[in-house]
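Laboratory data are not the source of any read-out in this text; all were calculated from the coordinates shown. Keep in mind that what you see is a predicted model, and the values were worked out from it rather than measured. Counting neighbours? That spans all protein chains shown, and the Cβs are built from the backbone with ideal geometry, glycine included.
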Amino acid sequence: MPIARLTRVFGVRKLRPRLVRGLRFRLAFSYFVFFTLLLVIIGLVYRQNLKTQMEGDVKDALEEEWDGAKGYIKIENYRPVWTADKDDPEEEHIMERLQYVHLLTDSNGNVLSDSPTYESIGVDSPQEILRVLTLPEPVIKIRSDSDGVPYMIKAGVMMGEHGRKYFFAIGRSLEESRRTVYYFTRTYFLALPVMMLVTSVLGWLLAGRALQPVVSVAQAAQNITGSNLSMQIPMRGAGDELDYLIASFNRMTDRLQQSFEQIRRFSTDVSHELRTPLTAIRGQLEVALFTAKTPEQYQEAMVNALEDVEQLSSIVRALLLLSQAESGQLVLQKAPLDLSEVAVDVVDQFQIPAEEKHLILKAKTEPGVMVHADRTQIERLLSNLVSNAVKYTPANGTVRVDVGPDPSYGPTAGWARIQVEDSGVGIPAENLPHIFDRFYRVRNPETSRVQGLGLGLSFVSWIVEAHGGRIDVTSTVGEGTRFTVLLPPGAQAPPQPVPEPDAVTAPGA
């Protein structure tokens, strides 16, 4: 017999565990065990309280009889005399009750008066009598007669004539109280199986109701496919853990949908980017094969093909670096770093491309802006931002790089700030939330065809996060874009994989 059987549910294969391994059974069984222990404990505690209370009532009655007996009995000439009025029926009844279980002896243990019931219990030994006579207070103990009936006995000193001490004991039966406790215990624990059966049924029903949202989540998960990621489970509105589970599941499907969309977009872009150089290479080689007649023509075709191969290698290299980043093979090498010095070097590198486009590229830095960072990655960060700004800023525009401490008074006060601002074409507002996503590229009608795989700004975002910083962007179409990077001084963020950027991502970035 297999542990689980597979059935067809909603068109997909579903693993149905055995009953005893199901979560509903385990919850119901937990209810059963918990309430069983709870009811048993309640029964035992109530039984003990009932027994204590009833014995306390007997003890209170025994105390009253003890005081009454001292008022009705006198010892004259070493003989007990009961002074009750025999013509009074009430006193006669009291006398009978006091004499039902009693014992009176002298200090040597000689019995002066007793009752048959006390004799069945057993007359105290002379040693016990002597011990009780030496005690400052009477003692109470429980003894049983020959038939096993328990009695509560109070024994102590009774003063006689000439200050002599006598041993006096009086008792009261505990049979009725013990019987009451016994009947309660029997009735309660006989009814316990019925209560447990009801508890089991209720536990099963409650467990099923409590797990219904979980079942809904499981069924929804089975119905999700790559083309059906928009499914959302409706919230129950209870604000409990199950609502939190449903909300988490819905957020997960949203993230999956975004990830699948990125993968689809990536597949489209990669196919296009790889097809273009491959088509060019094939065309160049076919031209050389069928039409070239001179060595110069063959050489020209090979040079053109080599350029396309280099473009293809660049794309493959970017994909390889992305794979290394996701596998955690690239880590940061941090050291104290002067941001102002790095910014000046990067700006100098882009002066020639900026002059070719008739752009004004300048840097405004404050000395001594130190951070704990990886110089290579910070240079790549600045290079990506400046490269995008130069590429997507029209002629006679301006690109400015500012480096200094953050002037705000918030939690980032004292952090290092890098701003790269341009007067370029800008980024549409609907694209701003996505520009740091992997493989995302903005296609602006004011720019030419976008090159690369859309990895540049995602690399920038990763570098910032790896250094424990923040990055923000503001942009207005037709006016320009501003990127603001904040890095904590001496940040000790854990090393994170940082792929090397190979492509530009967004116009105006």
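How much of the DSSP bridge set in the stretch 335-487 is antiparallel, in percent, rounded to the nearest 5? Provide the component values of the computation, followed by the final result.
Working: 24 of 30 bridges.
About 80 percent, rounded to the nearest 5.
Please express the Cα-Cα pair-distance distribution P(r) of the stretch 149-279 as a list of whole percents, one per 5 Å bin, running from 0 to the bin with the greatest distance.
2, 7, 8, 8, 7, 6, 6, 5, 5, 5, 4, 4, 4, 4, 4, 4, 3, 3, 3, 2, 2, 1, 1, 1, 0, 0, 0, 0
Among the lysines, which fall within straight-line cross-link reach of Lys141, defined as a Cα-Cα distance under 24 Å, with same-chain neighbours fewer than 8 residues apart omitted?
Qualifying lysines at Cα under 24 Å: Lys51, Lys59, Lys70, Lys154, Lys165.
Excluding residues fewer than 8 places away in the same chain, name every one of the lysines whose C-alpha is closer than 17 Å to that of Lys362.
Lys391
Could you give the C-alpha radius of gyration of the stretch 335-487 expressed as a fraction of 2.2 N^0.38 Å, taking N as the number of residues it contains?
With N residues counted in the stretch 335-487, Rg over 2.2 N^0.38 Å equals 1.00.
When only C-alpha pairs under 8 Å and at least 6 residues apart count, what is the relative contact order of the stretch 51-179, in percent?
Value for the stretch 51-179: 25 percent.
For the stretch 51-179, take the alpha-carbon Rg, divide it by the Kirkwood Rh, and send me Rg/Rh.
Over the Cα atoms of the stretch 51-179, Rg/Rh equals 0.96.
Sort 61-71, 39-49, 161-171, 376-386 by packing, meaning the average of other beta carbons within 10 Å per residue, with the highest value first.
Put in order of decreasing packing, that is 376-386, 161-171, 61-71, 39-49.
Just how far, in whole angstrom, is the stretch 252-314 from the stretch 115-185 if you go by their alpha carbon centroids?
111
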